[in-house]
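Worksheet: the structure to be examined is printed underneath.
Throughout, read-outs are computed from the coordinates displayed, never taken from laboratory work. For clarity, every value in this text was computed on a predicted model and none was experimentally measured. Using ideal geometry, Cβ is built from the backbone for each residue, glycine included, and neighbour counts are taken over all protein chains shown.
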């Protein structure tokens, strides 16, 4: 079996559009929660979100004429992919293009384009619908555009599993390299769904925080938590077979060594109250990595700041790790970058890779009121400098989807 390492990363988020800026903000405990500016939120209860400010696709290597044929989610994905491939330091021209694949998707897809074109249909008739509507709205087009831009002819897929979307993309990309189907995979997710329709839908199901205080809106594991804060952006990783990476002298962020994917088979939006599916996904990732639960040093939790998720995930961690659950550091970085939905798993996997590289655990910010049912070490007093050898990244999505990645510090 091949070993798989991360050789390129990119993040475009409310906390910055470069990895150094993003990571600096995370270490400082800064958040990107601001009043919604992309639409007028007067008609809904939710007033805050984590929007990407002043995004310009041309800064990230996308021609303006091409950008006009892409929904915002797709622009974000291609921009981040361009940056991640540049970070990897090669375009892999030494490889057969059929040995380089792409797995990038979105939980929701081109919702803004869909709304814009439906408005045209209602006001001017179907003859005015853009011929680019379909390729702009479908969630696989991010992967398609990345492949076209870079000539990548390997497996090209768009896994859609709600908030587990990009974690599954990373896990399945990891497996394709591990089992020899490709040598390189460009993986991750993108989301741009901070629009009235989506925000109103999440709000009406009481999933979103209605707080007007940015410092107390996304507060995972806090007893006063009341819902998540929508985020947008993209996060892309370049996964590479270890020997190929070493032969070209690539920098290596971390090693991907385990992956677990399960489903609760319980409810369309609520997790299994016992957390058994999430626990099993963690156990499977640990097993594939060839480690014991006691070797896990850090968990980047799904930690949405909803009442049920944080309670159930806490129980799942206890089930998966046993008594070691009380020893491991757990944090939810959604307290800073918001819930990026289809991009959540990939941005949090990148955070784990950076934590392993630098020996820094990012905090859960905004935490004030302890919850007796959420009683683990959530790293609530600022960043923690600590040697980390193994990290888990948890992603749990509507539909009961659970995806867990296990990353190790790279040691050669």
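Observations on the model:
- Taking each DSSP H run with n ≥ 4 as -39500 (n - 2.57) and averaging over every residue of the chain yields -10000 deg cm²/dmol at 222 nm.
- Kirkwood radius, the chain, all distinct C-alpha pairs, inverse of mean reciprocal distance: 20.8 Å.
- Fraction of antiparallel bridges per DSSP, the stretch 257-408 only, in percent to nearest 5: 70 percent
- Ordering 337, 324 by the number of other Cβ atoms within 10 Å of each residue's own Cβ, fewest first, gives 324, 337.
- Sorted ascending by nearby beta carbons within 10 Å, beginning with the fewest, 60, 339 become 60, 339.
- Across the stretch 4-247, the relative contact order, built from alpha-carbon pairs under 8 Å that are at least six residues apart, equals 31 percent.
- Label point 7 Å beyond Cα of residue 373 along Cβ direction - residues of the stretch 225-243 with amide nitrogen under 14 Å: 225-227
- Sorting 30-37, 388-395, 80-87, 119-126 by their mean Cβ neighbour count within 10 Å, with the most densely packed peptide first, gives 388-395, 80-87, 30-37, 119-126.
- Taking other C-beta atoms within 10 angstrom as a stand-in for reagent exposure, 238, 19, 347, 5 fall in the order 19, 5, 238, 347, fewest first.
- Stokes-Einstein diffusion coefficient of the stretch 44-186, Kirkwood radius over Cα pairs, 20 °C, 1.002 mPa s, in µm²/s: 130 µm²/s
- Using a Gaussian network model of the chain in which every pair of alpha carbons under 10 angstrom is joined by a spring, one finds that among 201, 110, 231 the greatest mean-square fluctuation is at 201.
- Mean separation of Cα contacts under 8 Å (6+ apart) over length of the chain, as relative contact order %: 23 percent
- Cα Rg over Rh - the stretch 4-247, Kirkwood: 0.99
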